[in-house]
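A short worksheet on the structure shown next.
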Amino acid sequence: MKNRIYSLFILLASSYSFSGCNDLVLDLTPQSVLTEADFYKTAQDLDGAVLGIYSSYQARKPRDWAVLEMPTDNIHRTGYFNIGGLDELNNLAFSPENPLFASFWENSYNGIFRANAALSYLDNPTDYAPGKKDQLEGEAKFMRALFYFDLVRMFGGVPKAITLLSIDEAKNTPRASQEEIYSLIIADLNDALAKLPEPSQQATGRAHKAAASALLAKVYVYLEDWTSAKQALDRIEAYGYRLVDDFAQLWSLSNEDNEETIFAIKYTENTNGHVLSTDFLPYFGVTGISTRGSENVFPSWSLQKNTKKTIHGKR
């Protein structure tokens, strides 16, 4: 009898133990997966979300030359090139299937999605330090404007997304006009200009008031609105930016944060997946700079002549 009671006790204890384990497994929150339900809750979450917008631009930027410069007379491909789709761009044979175009488009809209996500959840946290919420909103709108400015210069009118869209909504979003996209860019930049901190109060590599003014000036130049461009440029001058005396020093690692650089995306080789591009270096590298080179493209002779004139003080 005692043995039966003892066995029953063990059985009940085991059942309770297994039931508890099953509940733990079923109710386990995946610590390694970030979702809308467990993210966007704190100021730190939103800061990370905004940094993710920069990350999308950072991932795209090293190969921007392929779609922005390859079709021009500034560069030409070499016999060593190994980038898929580059020859088509060199020959001005454009098509939607080109992988370089596809990558440019996808990374740009990925960045826009991230900006829209940050803006959509901006009101969730309640622990912002003074001015932090405005700063993050300004950064998100600055980066969204930057992505759209690149897209509108490449493709003209493109789909306009300023909220989070479902897959079906994204598929059915029509192409906006070029004028609508430029209006969005200008509105975002003006709002960013009002909310972003001064350059001296912002971390290096993040957007600030001078960066918003500079991009706004460039937008107005493309629109040939010279009066508005001049007003935006005048604001930049007040922050003390100026051309460096030696043009060649712009490319020195020791001088990367110089008085001429208003906004720059930062890279650190072999950190966070960063790889410094060698697309323009000769195959066997350059002494004192790199021991390797991809030699995909070289600058044209006309561009080299103009660069030499600039370096020799005729800037």
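Inspection of the stretch 105-112 finds no residue satisfying the criterion of being within 17 Å of ASN296 (Cα to Cα), touching a Leu at 6+ places or on another chain (Cβ under 9 Å) and either modelled with pLDDT of 60 or more or of a type in the set (S, T, N, Q) (or both).
One residue stands out in the stretch 90-120 among those that are touching a helix residue (DSSP H, G or I) at 6+ places or on another chain (Cβ under 9 Å) and aliphatic (A, V, I, L, M): the one that is nearest to PHE147 (Cα to Cα), namely ILE112. Against the condition in contact with a Ser or Thr (Cβ under 8 Å, 6 or more places away or on another chain), surrounded by fewer than 18 Cβ atoms within 10 Å (Cβ to Cβ) and of a type in the set (D, E, K, R), how does LYS160 come out, does it pass? When the stated conditions are applied, LYS160 passes them.
For the stretch 80-132, filtered to residues that are aromatic (Phe, Trp, Tyr) and farther than 29 Å from LYS171 by Cβ, the residue that is surrounded by the fewest Cβ atoms within 10 Å (Cβ to Cβ) is TYR80. The set of residues from the stretch 83-114 being within 25 Å of the chain's Cα centre (by Cα) and outside any helix (DSSP H, G or I) comprises ILE83, GLY84, GLY85, PHE94, SER95, PRO96, GLU97, ASN98.
The lone criterion from (1) surrounded by 16 or more Cβ atoms within 10 Å (Cβ to Cβ); (2) more than 18 Å from the chain's Cα centre (by Cα) left unmet by ASN190 is number (1). Considering the conditions (1) crowded, with 18+ Cβ neighbours inside 10 Å; (2) touching a helix residue (DSSP H, G or I) at 6+ places or on another chain (Cβ under 6 Å); (3) of a type in the set (S, T, N, Q), ASN74 is excluded by exactly one of them, (1).
The numbered conditions (1) of a type outside the set (Lys, Arg); (2) crowded, with 18+ Cβ neighbours inside 10 Å; (3) in contact (Cβ under 8 Å) with a residue 24 or more places away in the chain are all true for ALA232 except (3). Filtered by the rule that a residue be surrounded by 11 or more Cβ atoms within 10 Å (Cβ to Cβ), hydrophobic (A, V, I, L, M, F, W, C) and under 23 Å from the mean Cα position of the chain (by Cα), the stretch 237-275 gives LEU250, ILE262, PHE263, ALA264, ILE265. Considering only residues in the stretch 231-269 that are part of a loop (DSSP other than H, G, I, E, B), of a type in the set (S, T, N, Q) and modelled with pLDDT under 85, the one that is farthest from PRO62 (Cα to Cα) turns out to be SER252. If you go through the stretch 163-176 and keep only what is free of Cβ contacts under 8 Å to residues at least 40 places away in the same chain and surrounded by fewer than 14 Cβ atoms within 10 Å (Cβ to Cβ), you end up with SER166, ILE167, ASP168, GLU169, ALA170, LYS171, ASN172, THR173, PRO174, ARG175. Name the single residue that is modelled with the highest pLDDT among those in the stretch 290-315 being closer than 21 Å to ASN74 by Cβ and of a type in the set (Val, Ile, Thr). Selected residue: VAL297. So, GLY288, is that one out of contact with any strand residue (DSSP E or B) (no Cβ under 8 Å at 6 or more places or on another chain) and part of a loop (DSSP other than H, G, I, E, B) or not? For GLY288, the condition - out of contact with any strand residue (DSSP E or B) (no Cβ under 8 Å at 6 or more places or on another chain) and part of a loop (DSSP other than H, G, I, E, B) - is met. The one condition from (1) in a helix (DSSP H, G or I); (2) at pLDDT below 95 that LEU165 does not meet is (1). For the stretch 205-222, a residue qualifies if it is surrounded by 15 or more Cβ atoms within 10 Å (Cβ to Cβ) and either part of a loop (DSSP other than H, G, I, E, B) or among the polar types (S, T, N, Q) (or both), and the qualifying residues are ARG206, ALA207, HIS208, SER213. Mind listing just one residue for me: the one in the stretch 21-59 that is modelled with pLDDT under 90, of a type in the set (Ser, Thr, Tyr) and out of contact with any Ser or Thr (no Cβ under 9 Å at 6 or more places or on another chain) and, of those, nearest to ALA129 (Cα to Cα)? The qualifying residue nearest to ALA129 (Cα to Cα) is THR35.
Among the residues of the stretch 33-87, those that are among the β-branched types (Val, Ile, Thr) and within 30 Å of GLU97 (Cα to Cα) comprise ILE53, VAL67, THR72, ILE75, THR78, ILE83.
The values are calculated or read from the model by the stated rules, or taken from the named source; none is laboratory data. Since we're looking at a predicted model, the values are computed, not measured. Every residue, glycine as well, gets a Cβ built from its backbone with ideal geometry; the counts of neighbours run over all protein chains shown.
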